[in-house]
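A.B. asks: Sharing a structure with you now.
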Amino acid sequence: MVHDLTIAELAAKLRKRELSAVEAARHFLARGAAHEALGAYLATDEEVTLAQARAADARIAAGDGAPLLGVPIAHKDIFVTKDFPSTAGSRILENYRSPFDATVVARLGQGAPGQGAGAGAVTLGKLNCDEFAMGSSNENSAYRPAANPWDRSRIPGGSSGGSAVAVAARLAPAATGTDTGGSIRQPASFCGITGIKPTYGRASRYGMIAFASSLDQAGPMAHTAQDCALLLSAMCGPDLDRDSTSLDVAAQDFTRSLDDSLEGLRIGVPKEFFGEGLATDVRAAIDAALQEYRKLGAKLVEISLPRTELSIPVYYIIAPAEASSNLSRFDGVKFGHRAAQYADLLDMYKKTRAEGFGDEVKRRIMIGTYVLSHGYYDAYYLQAQKIRRMIADDFQQAFGSCDLIAGPVAPTVAWKIGEHGNDPLADYLADIFTLPGSLAGLPGMSVPCGFGDGHMPVGLQLIGNYFGEARLLNAAHRFQQATDFHLRRPEGF
Ligand code: GLN
């Protein structure tokens, strides 16, 4: 079946014309419609998708060799797209249409002047997410909940929940996600798929609706490390005219080193990632994965990331601070929702934002405004920035004795929908293992490595040093050659 194929296999079949882009797109659109109840998609448009597919078929017929030509993928609704609405999962952007494509969308798809040649992928639609990517469960989506295909009574993770659901349920062969504090790695872990967040600055943030600009990064979510490598190769590269934090580092073909040997690889195991908070079922799966790496020739070294716990307060000061500034643009004047009735300009701002933002977004705007206020800035924001630097230094110290770092992505498997109720702290605390790498700007990934309670997937987190994506993908690929966790699928999909 078409939905059993990896991106690599789909691309090959399309090139050989054993399958047309239109057939592939139709197949996935039909699956998306059949499994609508999972809540993966926020927007689809058959006409747009099929038009892109027909154009891809014409290019294939003309001998065009773009690497992802005709391959259908879907995008997290944090990326702006000119042919689909872009909402960031928020009411304040309901029905909003962007006049341009995000650089990542352009690079994977049709390309755009100045944004790089497109790899030729076809867009299936826009995927559900927590509002402005703030959340860990997809429950903060203003539009609809999303369910984990492994157990529909559980959350798929977040904020890239729709992306993880779409891939795990095979409604799309791969998807984009964004990761500010774990939003690619955690849903990938909870849904049993593979995802990578590159080094901060490697993928352009242009057209990615901003949450916390010093942390936000785009990355691919797919079944295999090989597919992630293919997609990431197309997504990365400088975009200096459009993103002021884009790094001037040339795009790279991450597939080339996938098969490298892991003999002698030093894997650092941070002792702080294996403390009391780690559930025993998750721990068992992670321990087994580490033993598998030993069989593959790697050496395990104990390391310390002493400020791991501090990453929670640090992140939940810095991210809201940046969010409070970024979200000030949603004022009802320039774009998106505007309150229908108001007395004057100030009243219009207030009503628009009161109606347009959900609770978690409002909470973060308030926290962010507070920690940046005169009199509190030094005590909170500045202090957090200093500790952020120390967290980054801790990693550099650790990389003195190891080549990459391994541990859990999350302390537990996916929890039940509604389980954290009205307790945002319960969500925040579960971010403990993804936040340190995010604050340091390091690349990180989640690789399916077993199952825990309720037969729910567990992901192994691999963290690399800056620009270590090729090594990460190589380590994940070799693991996937030796195990089959990434090939398991939820019943009925
Ligand atoms: N769960 C984290 C938060 O709520 C991370 C979200 C993200 O990476 N976008 O902020």
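No value in this document is a laboratory result; all are computed from the given coordinates. The shown structure was predicted, so the numbers you read here are calculated from the model rather than taken from an experiment. We place every Cβ from the backbone using ideal geometry, glycine too, and count neighbours over all the protein chains shown.
A.B. asks: Does the stretch 103-191 come out rounded, prolate or oblate, given a ≥ b ≥ c as the square roots of the eigenvalues of its C-alpha gyration tensor, rounded meaning a/c under 1.5 and, failing that, prolate meaning a/b above b/c?
C.D. replies: Because a/c hits 1.5 or more and a/b exceeds b/c, the stretch 103-191 counts as prolate.
A.B. asks: Continuing with this model, one more query. At a 10 Å Cβ-Cβ cut-off, how would you order M134, M1, M366, fewest neighbours first?
C.D. replies: M1, M366, M134
A.B. asks: Is there a pair in K197/K416; K76/K197; K82/K126 whose C-alpha atoms are over 21 Å apart, and which pairs would that be?
C.D. replies: Check vs 21 Å cut-off fails for K197/K416.
A.B. asks: So how do 465-476, 407-418 stack up, highest first, on mean other-Cβ count within 10 Å?
C.D. replies: Result, highest mean first: 465-476, 407-418.
A.B. asks: Ok, one more. Would you compute, from DSSP H runs of 4+ residues alone, the mean residue ellipticity of the chain at 222 nm, taking -39500 (n - 2.57) per run and dividing by the full residue count, rounded to the nearest 500?
C.D. replies: Computed mean residue ellipticity for the chain: -10500 deg cm²/dmol.
A.B. asks: Which distance in Å, rounded to a whole number, links the C-alpha centroids of the stretch 1-63 and the stretch 285-364?
C.D. replies: Taking the Cα centre of each part, the stretch 1-63 and the stretch 285-364 sit 32 Å apart.
A.B. asks: Tally the DSSP beta bridges in the chain and give the antiparallel ones as a percent, rounded to 5.
C.D. replies: 70
A.B. asks: Using Stokes-Einstein with the Kirkwood hydrodynamic radius over Cα pairs, what translational diffusion coefficient do you get for the chain at 37 °C and a viscosity of 0.692 mPa s, in µm²/s rounded to a whole number?
C.D. replies: Roughly 148 µm²/s, to the nearest whole number.
A.B. asks: Using the Karplus equation 6.51 cos²θ - 1.76 cosθ + 1.60 (θ = phi - 60°), what ³J(HN,Hα) coupling, rounded to whole Hz, does each residue of the stretch 82-87 give in order, writing x for Gly and Pro?
C.D. replies: Karplus values, whole Hz, x for Gly and Pro: 7, 9, 9, x, 10, 10.
A.B. asks: Under a Cβ-only charge scheme (Lys and Arg +1, Asp and Glu -1), can you give me the dipole magnitude of the chain about the Cα centre, in debye to the nearest 20?
C.D. replies: 460
A.B. asks: Another question, then. Just need the relative contact order of the stretch 249-336 here, percent rounded to a whole number, with Cα pairs under 8 Å and 6+ apart.
C.D. replies: 35
A.B. asks: What lysines sit close enough to K295 to cross-link, taking a C-alpha to C-alpha distance under 26 Å and skipping anything fewer than 8 places away on the same chain?
C.D. replies: K271
A.B. asks: Right, next: Apply the Karplus parameterisation 6.51 cos²θ - 1.76 cosθ + 1.60, with θ equal to phi minus 60°, to every residue of the stretch 359-368 and state each ³J(HN,Hα) to the nearest whole Hz, in sequence, with x for glycine and proline.
C.D. replies: Coupling constants for the stretch 359-368: 4, 5, 5, 4, 4, 6, 4, 5, 4, x Hz.
A.B. asks: Here's another thing I want to ask about it. Note down the magnitude of the dipole of the stretch 2-261 about its Cα centre, charges +1 on Lys and Arg C-beta and -1 on Asp and Glu C-beta and zero elsewhere, to the nearest 20 debye.
C.D. replies: 220
A.B. asks: Identify, among I60, V458, T81, the residue whose Cα sits farthest towards the positive end of the charge dipole of the chain, taking +1 on the Cβ of Lys and Arg and -1 on the Cβ of Asp and Glu, with the dipole about the Cα centre.
C.D. replies: Checking the options against the dipole of the chain, the answer is I60.
A.B. asks: Let me ask you something else. Taking the number of other C-beta atoms within 10 Å as the exposure measure, put C236, C191 in order starting with the fewest.
C.D. replies: C236, C191
A.B. asks: Okay, next question. Can I get the semi-axes of the stretch 348-403's equivalent ellipsoid? Compute them from the C-alpha gyration tensor as square roots of 5 times the eigenvalues, in angstrom, largest first.
C.D. replies: Equivalent ellipsoid semi-axes, largest first: 36, 16, 6 Å.
A.B. asks: Using 0.36 nm per residue of separation minus the Cα-Cα distance, give me the extension gain between Y377 and R294 in nm, one decimal.
C.D. replies: That pair, Y377 and R294, stretches by 25.2 nm at full extension.
A.B. asks: Here's something else I'd like to know. Report for the stretch 35-156 the percent antiparallel among DSSP-assigned beta bridges with both residues inside it, nearest 5.
C.D. replies: Counting only bridges with both partners in the stretch 35-156, antiparallel ones make up about 55 percent.
A.B. asks: Using θ = phi - 60° and the Karplus relation 6.51 cos²θ - 1.76 cosθ + 1.60, list the HN-Hα couplings for the stretch 166-172 in order, rounded to whole Hz, with x at every Gly or Pro.
C.D. replies: 4, 6, 4, 8, 6, 8, 8
A.B. asks: Could you rank the peptides 96-105, 428-437 by their average count of other C-beta atoms within 10 Å per residue, with the highest value first?
C.D. replies: Highest-to-lowest ranking by the protection proxy: 428-437, 96-105.
A.B. asks: OK, next. Before anything else, pin down the relative contact order of the chain: Cα pairs under 8 Å, at least 6 apart, normalised by residue count, whole percent.
C.D. replies: Relative contact order of the chain: 17 percent.
A.B. asks: May I pose another question? Which residues' amide hydrogens lie under 5 Å from the amide hydrogen of G125, considering only partners 5 or more residues apart or on another chain, with H built in the peptide plane?
C.D. replies: H75
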